[in-house]
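All remarks here apply to the structure that follows.
Each value in this text was obtained by applying a stated rule to the coordinates, not by laboratory testing. Worth saying up front: this structure is predicted, and the values here are computed from it rather than measured. A quick note on method: Cβ atoms are made from the backbone with ideal geometry, for glycine too, and the neighbour counts reach across all protein chains shown.
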Amino acid sequence: MLNVKDLTGGYDEKHPIVKGINFSVEKGQFLGVLGPNGSGKSTLLKAISGTLPFNQGNVQIEGKSREEYTAKELARKMAVLPQLHTQAFSHSVRETVSIGRYPYQHSWLSTWTDEDESAIKKAMESTGILSYEKQLLENLSGGEQQRTYVAQALAQSADLLLLDEPTNHLDIEHQRKLLDMIRLEVVQNGLTVLSIFHDINLAALYCDRLLLLNKGEIYALGEPHEVLKEHFIKDVYHTTISTYPHPILPKPQMTLMPEIKGEREESVPIKAEDIKIRDEYVELHTSSALKAFSSAVHNAGVGWYQYFVNRTVDAEYMCDDAHDELKEYLMEKGFSPTNTVAMMTAVPAKNAVVRQFTSHEADIVVVVTAGVGNAIDIASAHKREDVFHVGTINIWVFINGILTDESFMQGMIAITEAKTKAMYTEQIKDIVSGTFATGTSTDSVLIAATQSGPFYEYAGSATAVGKLIGRGVYETLCTALQDYKKAKEQD
């Protein structure tokens, strides 16, 4: 659809802003253009659209050089939304959007058609401005004006859409609505879009490919995961980032890594005595947030938290929505739901086993509540019917140190392996299959780190911290299982 060959140009022939630009955009494809201020993004778009001459190169639209089109022919092929807009006269929203139909008028006499009317109505509906179509443009907010100009470009019904920061002035709701709408046009109607973005995450989320400019030249071009690399962003923007996957789409996202010294205070090391045993729950409250990874009922996954709760519920506890019920419980007890990781167990809080383990290289605290009426052998689970009995093993491991994502995962593996070994040592069996149990079907595990102190790049069984996790979980769980069996015998 769009083919740019060796494009070089700018405002000064002797000092071109963009140099040797080569890329193509296929029909029905969304290309996002990224780059720091002054990298040539807007200059590139102006050169492609024809509002700025270029020194050398060629711009082709559907295999035909741009210069071969008449002004109206080009306007039917390509619509442009510039970054800045100027108004010499006062227009209503409807009048402003209607300008997009100019390429389809054949004379100064009225040639307005049903197709023109349908196009501007659809454009205003898509951008959410139909309700104020009669208002004057100058009386609108910046975001409303921006959506009006986007509607004007859409009303042009061109096959190629060039956008210079289309989400400028828009709040997050209208950013989403606008880009959802453009993406839908790309996917369903084959619209081809080239858009400049300052928001890298939005570009990665909505675009098929990204073009990263640096000092007027292409630094990287490809799919979002190929361009949004930490060292690329560091080289071009001189800013450190960390990338992570979007939670529901196969697209990368990024977060800034601030360089402000002392922004995060050194965390106070966690001690066994910091774990408080209440009547209804086990609690840890830390002075600084810990980075946690868990399978908890409330706030599972990865996050930063200061409160950790293991709540005891009645053996007959039944609830249609345990997540909401637990959230309400936390609020009643004075915990902030957004700052708390919480689990549930039928084991009395007073039976929690808390131990601290220290070596020359690592220091951890382990907390376990164990009930195994629901013990199950994972290798035999497929053979059994849905049989539920009360009994859950909840394990907390707090590490005084800095863990990488990899060491968090390896720490989880170490916890699971140590748990299985403890179950075998204590001869806990699956009551259905009669084989040795590996856990219960409702186990929860949490590993949290102060993220200050010693650095642990790895946490496997060959590392100092991995060895301590293995030992700590094994010994603490064995004690908890022994206590559980004694309590059962007394019952």
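Can you list which of the trypsin sites (Lys or Arg not before Pro) found in region 169-265 are DSSP loop residues with at most 11 other C-beta atoms within 10 Å?
Sparse-neighbourhood loop trypsin sites (Lys or Arg not before Pro): Lys261.
Along the charge dipole of the chain, Cβ charges K/R +1 and D/E -1, which of Val25, Val366, Val473 sits furthest on the positive end?
Val25
Could you tell me which of rounded, prolate or oblate describes region 272-490, using a ≥ b ≥ c as the square roots of the eigenvalues of the alpha-carbon gyration tensor, with rounded for a/c under 1.5 and, failing that, prolate when a/b is larger than b/c and oblate otherwise?
Judged from the Cα gyration tensor, region 272-490 comes out oblate (a/c at least 1.5, b/c at or above a/b).
Using just the helices of the chain, give the 222 nm mean residue ellipticity in deg cm²/dmol: DSSP H runs with n ≥ 4 each add -39,500 (n - 2.57), and the total is spread over all residues, rounded to 500.
Helix-only estimate at 222 nm: -9500 deg cm²/dmol.
Determine the sum of side-chain charges near Leu326: Lys and Arg each +1, Asp and Glu each -1, restricted to other residues whose C-beta is under 13 angstrom from that of Leu326.
-4
How about region 307-413: which trypsin sites (Lys or Arg not before Pro) there lie in a loop by DSSP and see at most 16 other Cβ atoms within 10 Å?
Here the trypsin sites (Lys or Arg not before Pro) that fit, given the DSSP loop and packing criteria, are Lys333, Arg384.
Using a simple charge model, +1 on the beta-carbon of Lys and Arg, -1 on the beta-carbon of Asp and Glu, nothing else, what dipole does region 347-402 show about its Cα centre, in debye to the nearest 20?
Once rounded to the nearest 20, the dipole reads 160 debye.
Region 388-438: which chymotrypsin sites (Phe, Trp or Tyr not before Pro) are DSSP loop and have at most 14 other beta-carbon atoms within 10 angstrom?
Filter output for region 388-438: Phe388.
For P(r) over Cα pairs in 20 Å bins from 0, in percent, pick the label among (i) 20, 36, 27, 17, 1; (ii) 21, 54, 23, 2, 0; (iii) 18, 34, 31, 16, 2, 0 that corresponds to the value derived from the coordinates.
Of the listed options (i) 20, 36, 27, 17, 1; (ii) 21, 54, 23, 2, 0; (iii) 18, 34, 31, 16, 2, 0, (i) comes from this structure.
Loop sites only, by DSSP: take the GluC sites (Glu not before Pro) in the chain that have at most 14 other C-beta atoms within 10 Å and name the longest stretch containing none of them.
Result for the longest clean stretch: 63-258.
Kindly express, to the nearest 10 degrees and within the range 0 to 90, the angle between helix 142-155's C-alpha long axis and the longest C-alpha principal axis of the chain.
60
Report the number of Lys pairs in region 272-490 whose alpha-carbons are under 14 Å apart, with separation of 8 or more residues or on distinct chains.
6
Would region 1-76 count as rounded, prolate or oblate if I go by the C-alpha gyration tensor, calling it rounded below 1.5 in a/c and otherwise prolate when a/b exceeds b/c, oblate otherwise?
Because a/c hits 1.5 or more and a/b fails to exceed b/c, region 1-76 counts as oblate.
Just how large is the dipole of the chain about the Cα centre, in debye to the nearest 20, putting +1 at every Lys and Arg Cβ and -1 at every Asp and Glu Cβ?
800
So what's the angle, to the nearest 10 degrees on a 0 to 90 scale, between helix 464-490 and the longest Cα principal axis of the chain?
Helix 464-490 sits at roughly 50 degrees to that axis.
I want to check the label-to-label distance for Thr358 and Lys5. Put each point 7 Å from Cα in the C-beta direction and report it in nm to one decimal.
7.4
Pairs of alpha-carbon atoms within less than 8 angstrom and 6+ residues apart define the contacts here; what relative contact order does the chain have, in percent?
This gives 12 percent for the chain.
Specify the angular offset, from 0 to 90 degrees and rounded to the nearest 10, of the alpha carbon long axis of helix 172-189 from the longest principal axis of the alpha carbons in the chain.
70
Run the dipole for region 370-491 about the Cα centre, Lys and Arg Cβ at +1, Asp and Glu Cβ at -1, nothing else charged, and hand back the magnitude in debye, nearest 20.
260
Can you tell me what share of the DSSP beta bridges in the chain is antiparallel? A percent to the nearest 5 is fine.
65
If contacts are Cα pairs under 8 angstrom and at least 6 residues apart, what is the relative contact order of region 2-256 in percent?
Rounded, it is 25 percent for region 2-256.
Using alpha-carbon positions, what is the distance between the centroids of region 387-454 and region 209-281, in Å?
Spelled out, the Cα-based centre of one part sits 28 Å from the other.
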